[in-house]
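Structure first, commentary second.
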C-alpha cells in the first residue's frame with residue numbers, strides 16, 4: 001500500500017477498496033458495516049435523536065487526543081445532551097491528496113477505540129479524496145434512542161435550579177493553542193464521551209432539566225444561550241468555576257478568558273435545586289466527572305441574562321463570545 | 001488597610017464627583033472582568049481613555065498598510081488585533097488578504113526573522129503599532145536587523161507615548177480628575193514621568209497592576225488624593241520608580257521623538273517615536289501618516305477616546321457598530337472601550 005493518500009484512493013475503484021478494507025473496515029468492523037450495502041439497516045426505537053457534526057481541527061493530533069477521538073465524542077455528546085443513549089454513527093471522510101496513511105490509520109484506530117468506549121457502532125461511511133496539502137476532515141452523524149419519559153431541553157430550566165459543570169474549563173482550547181504556537185505545556189485536551197455521566201444522572205432519579213456540552217465559545221457562551229432559550233437569569237460565581245492553575249496561567253499569559261475557551265468533554269447540567277448535591281455526587285463518581293462543581297443557579301425570569309459574581313465581589317454581565325474565537329479547534 | 005475597608009470606602013464614598021480615566025487597554029479589560037464599576041459609589045465614574053494601541057492609530061496608517069499589502073513583493077506582518085481595523089474605507093487587512101494580498105499574523109515581532117529567512121525574495125513589513133510597552137521589542141527587532149544586515153525586513157511604525165497625550169487631554173479640557181496610570185507602560189517609563197502633569201493640573205495618578213485588588217487599591221488611592229498633584233505607585237513589585245533605563249536606551253538608539261497623529265485628536269506634539277533618519281531605509285513610509293478619515297462619519301471613537309462620551313452614547317453603538325461589523329477601531333480590539341462595554345453590558349461611566 002502507498003504511504004500517502006493519492007487521488008486514486010477516491011476513484012471508487014480498487015485503490016478505494018483497498019483503503020476501505022485495510023483501514024476503515026478493519027477498525028470499525030461489525031455485522032452491519034461488514035455487509036457493505038448502500039445503507040445500513042439497524043434496529044430502531046420509538047423516539048430517536050439525530051445529529052451531525054464536521055471536524056476540521058488542526059493539528060489533527062494533539063496532546064490528549066486527535067481528530068478521530070474528537071469526531072466520535074462530538075457527535076456522541078450532542079446525542080447525550082437530549083437524554084439519548086447513542087447507538088449508531090456514520091462517518092464521511094474528506095482526505096486531501098498527500099495525507100499520510102500512517103496518520104490516517106492512527107486516526108481511524110482512535111475512532112474505533114472511542115466508539116467502543118462510548119458504546120456506539122459505526123455502521124456506514126464514505127471517503128472522498130480532494131486536492132490539497134495532506135489534511136483530513138471528518139463528518140460524523142449519529143442516532144441515539146430516547147426513552148418515552150425523558151425530556152431534556154434548553155427550555156426546561158426553572159427558577160431555583162442549580163447549574164453544575166462536569167469539570168475543568170479550557171483544557172482543549174489551551175492544548176490546541178499550545179500545539180499551534182509551539183508552546184511546550186503538558187495541558188491535555190479533555191476530549192471524551194460523556195456517556196457515563198449522563199447515563200448515571202438519568203438513572204438516578206435526579207430531576208435533570210437541561211444538559212448542554214460546553215464546546216466552542218466556552219461556558220459563558222453556552223450559559224448565555226441557555227438563559228435566552230429558557231428566558232431566565234443565571235447567576236454564577238467566579239470562584240466556583242473549576243479551572244486548573246496551568247490553564248489559568250496559560251490563559252493569563254495570552255489574554256484569554258477561560259470562560260470563553262472551548263472544551264470537548266465537558267457538560268453543563270441544570271437540575272432541580274433540591275437535587276443539586278445528589279447530582280454533583282453522581283457526576284463526581286462518573287468517568288470524566290471527578291472535577292465537577294456546582295457553579296451557580298437559575299435566579300429569576302428575564303429575557304435571558306448571565307451574571308457572574310467575581311472573585312473580587314463585583315458583578316459582571318456576560319454575553320456570548322464576541323468577535324472571533326480560535327478557529328478550527330474541533 | 002484591608003481589602004474590605006477599601007471596598008467599603010469606594011462604595012460609600014460621598015465626596016466630590018470624580019471622573020477617573022484608565023489609559024491602558026488591559027486595565028479596561030480587567031475593570032470589566034472584575035466587575036469593578038458596580039463596586040463604586042455613584043460619585044466615582046470610570047472612563048476609558050486612549051489606551052488601546054490600534055484604537056488610536058489614524059486611518060492613513062491603515063491605508064498605507066493596505067497600499068503596501070497590494071504590492072506582490074511585500075508581505076505585511078502584524079499582531080492579530082490590527083487585522084480587522086478599517087482605514088478611511090471599510091477595507092482592512094483581512095479583506096485585502098481575501099483579495100490575494102499577503103498578510104501574516106504573528107505573536108512576536110521576532111517571528112518575522114523566520115518568515116524573512118525562508119522567503120528572501122519577499123519584503124516583510126512589520127506593522128509596529130503600540131505604546132512604550134511594545135517599543136522595546138521593536139527596538140530589539142531593529143537591532144537584530146541592523147546587526148545581521150537583514151535586507152528584507154522593514155517597519156511601518158505608529159508608536160505612541162503616553163505622558164504627552166495625557167498632557168494633551170488635560171490641556172484640551174477633558175473632564176478628568178485622576179488617572180489610573182498604565183502598569184505595563186510604567187515598567188518602561190517609571191513613575192516620575194507623570195509627576196509634571198500631576199503637578200500642572202493638580203490631579204492624582206495611581207500606577208496600577210491588573211488584578212482586581214491592585215486596581216481597587218489604585219482607585220482608592222486616587223479618590224483619597226482628589227485635587228492633589230501626586231503620583232502613587234500601587235504596583236511597586238513590578239514598576240520601579242525609574243522604570244527600565246536599559247530599554248529606554250535601546251529605544252533612543254534607533255528612534256527619535258515625533259509628533260504622532262492620534263485617531264480623532266490629530267497630531268500631538270512629541271507624542272510618538274519614529275525611526276531616526278540614519279535608519280530610514282528600514283522605514284516603509286511611516287512619516288506624514290497623519291490624516292484621519294472616519295470610515296463611518298457618525299462614528300464617535302474620537303469623543304470616546306477623549307473621555308467626552310461613553311461608548312453607549314454613540315448612535316452607532318450595538319446597532320450598526322458591533323464586534324462583527326465594527327465601524328470604528330474601538331469596537332475592533334478586545335481592548336477597545338466600545339468592545340469592552342458591549343461584551344460586558346456596561347452602562348456605567
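Between residue B:144 and residue A:272, how many nm apart are label points set 7 Å from Cα along the C-beta direction?
In this crude label model, residue B:144 to residue A:272 measures out at 6.2 nm.
How many angstrom separate the Cα center of the range A:79-157 from the Cα center of the range B:50-75?
43
Let me know the volume per residue of the alpha-carbon convex hull for the range A:171-239, in Å³. Before the final figure, lay out each step's value.
Details: hull volume 9.4 nm³, N = 69.
Normalising the Cα hull of the range A:171-239 by residue number yields 136 Å³.
Of the candidates A:130, A:76, A:143, which one comes out as most mobile in a Gaussian network treatment of chain A with C-alpha springs shorter than 10 Å?
Highest fluctuation among the options: A:130.
Going by average Cβ neighbours within 10 Å, how do the peptides B:142-148, B:321-327 rank, with the highest at the top?
Details: B:142-148: 15.4, B:321-327: 19.0.
Peptide ranking by packing, descending: B:321-327, B:142-148.
Averaged over peptide B:75-84, how many Cβ atoms belonging to another chain are found within 10 Å of each residue's Cβ?
Details: counts 0, 0, 0, 0, 0, 1, 2, 0, 1, 2.
The mean count of partner-chain Cβ atoms within 10 Å per residue comes to 1.
Please rank B:275, A:326, fewest neighbouring Cβ atoms within 10 Å first, as an exposure proxy. Present the calculation step by step, with values, prior to reporting the outcome.
Details: B:275 24, A:326 15.
Neighbour counts put them in this order, fewest first: A:326, B:275.
Along each of its three principal axes, how wide is the spread of alpha-carbon positions in the range B:64-188, in whole angstrom units, largest first?
Sorted from largest, the Cα extents of the range B:64-188 read 53, 38, 20 Å.
Over all alpha-carbon pairs of the protein assembly as shown, lay out the pair-distance distribution in 20 Å bins, whole %, shortest bin first.
With a bin width of 20 Å, the distribution comes to 17, 44, 32, 7, 0.
How many Å³ per residue does the convex hull of the Cα positions in the range A:130-251 occupy?
Working: hull volume 20.3 nm³, N = 122.
Residue-normalised Cα hull volume stands at 167 Å³.
Consider all pairwise Cα distances in the range B:1-73 and report the whole-number % of them above 13 Å. Walk me through the numbers on the way to the answer.
Values: 1958 of 2628 pairs.
Roughly 75 percent, rounded to a whole number.
Given the -39500 (n - 2.57) contribution per DSSP H run of 4+ residues, what per-residue ellipticity at 222 nm results for chain A, rounded to the nearest 500 deg cm²/dmol? Spell out each step's value before the answer.
Values: 9 runs with 93 residues, N = 330.
After summing the helix terms and dividing by residue count, I get -8500 deg cm²/dmol.
Compute log10 of I(q)/I(0) for the range A:81-169 with the Debye formula, placing one identical point scatterer on every Cα and leaving out solvent, at q = 0.22 Å⁻¹, to two decimals.
So the normalised log intensities work out to -1.10.
Which order results if A:316, A:212 are arranged by neighbouring Cβ count within 10 Å, fewest first? Before the final figure, lay out each step's value.
Numbers: A:316 25, A:212 22.
Arranged by neighbour count, lowest to highest, A:316, A:212 become A:212, A:316.
Measure of size requested: the Rg and Dmax of chain B, with Cα atoms as the atom set and Å as the unit; please supply both.
20.1, 65
With both partners inside the protein assembly as shown, how many of the DSSP beta bridges are antiparallel, as a percent to the nearest 5?
Details: 53 of 97 bridges.
Counting only bridges with both partners in the protein assembly as shown, antiparallel ones make up about 55 percent.
Provide the percentage of antiparallel DSSP beta bridges, counting only those with both residues in chain A; round to the nearest 5.
Details: 44 of 58 bridges.
Restricted to chain A, the bridges split so that about 75 percent are antiparallel.
Could you list the residues of the range B:124-168 with an amide nitrogen less than 15 Å from a label point located 7 Å from the Cα of residue B:71 in the Cα-to-C-beta direction?
B:124-127, B:151-157, by backbone N distance to the label point.
What is the Rg over Rh value, at two decimals, for the range A:7-146, using alpha-carbon atoms and the Kirkwood definition of Rh?
Values: Rg = 14.7 Å, Rh = 15.2 Å.
Reported Rg/Rh (Cα atoms, Kirkwood Rh): 0.96.
Using per-residue counts of other Cβ atoms within 10 Å, averaged over each peptide, order B:86-95, A:306-315 from highest down. Numbers along the way, then the final one.
Values: B:86-95: 17.6, A:306-315: 20.0.
The packing order, highest mean first, is A:306-315, B:86-95.
In deg cm²/dmol, rounded to 500, what helix-only [θ] at 222 nm does chain B give when every DSSP H run of at least 4 residues adds -39500 (n - 2.57) and the total is split over its residues? Could the numbers behind the result be given before it?
Working: 13 runs with 117 residues, N = 349.
Computed ellipticity for chain B at 222 nm equals -9500 deg cm²/dmol.
Evaluate chain A: find the radius of gyration of its Cα atoms, find its Kirkwood radius, and give the ratio Rg to Rh. Don't skip to the answer; put the middle values down first.
Details: Rg = 20.6 Å, Rh = 20.6 Å.
When Rh is taken as the Kirkwood radius, the ratio is 1.00.
Let me know the volume per residue of the alpha-carbon convex hull for the range B:136-289, in Å³. Kindly include the intermediate steps, with their values, before the conclusion.
Values: hull volume 19.1 nm³, N = 154.
It comes to 124 Å³ per residue, whole-number rounded.
I'd like the distance between the alpha-carbon centres of the range B:174-233 and the range B:275-307, rounded to an integer number of Å.
What the calculation gives is 27 Å, centre to centre.
How big is the gap, in Å, between the Cα center of the range B:315-349 and the Cα center of the range B:93-127?
28
At 0.692 mPa s and 37 °C, plugging the Kirkwood radius over alpha-carbon pairs of the range B:210-343 into Stokes-Einstein gives what diffusion coefficient in µm²/s?
Working: Rh = 18.3 Å.
Using the Kirkwood radius from Cα pairs, D works out to 179 µm²/s.
What's the percent breakdown of Cα-Cα distances in the range B:270-346 across 5 Å bins, shortest bin first?
Percent of pairs per bin, in order: 3, 15, 21, 18, 11, 10, 11, 7, 3, 1.
For the range A:76-115, taking Cα atoms only, what is the radius of gyration to one decimal and the Dmax to the nearest whole Å?
Rg then Dmax for the range A:76-115, in Å: 13.5, 41.
Once the mean 1/r over all distinct Cα pairs of the range A:154-318 is inverted, what Kirkwood radius in angstroms do you read off?
On the way: mean 1/r = 0.0631 Å⁻¹.
Its Kirkwood hydrodynamic radius stands at 15.9 Å.
Once Rh for the range B:301-342 is found with the Kirkwood sum over Cα pairs, what is the Stokes-Einstein diffusion coefficient at 20 °C and 1.002 mPa s, in µm²/s?
Values: Rh = 9.7 Å.
For these conditions, the coefficient is 220 µm²/s.
Along the three principal axes, how long is the range A:147-202 when you take its alpha carbons, biggest first, rounded to the nearest angstrom?
48, 25, 15
Sort B:27, B:45, A:172 so that the residue with the fewest other Cβ atoms within 10 Å of its own Cβ comes first and the one with the most comes last. Before the final figure, lay out each step's value.
On the way: B:27 27, B:45 20, A:172 32.
Result, fewest neighbours first: B:45, B:27, A:172.
Read-outs: derived from the displayed coordinates by stated rules, not from any lab. These numbers come from a predicted model, not from an experiment. Cβ: placed from backbone, ideal geometry, glycine included. Neighbour counts: every protein chain shown.
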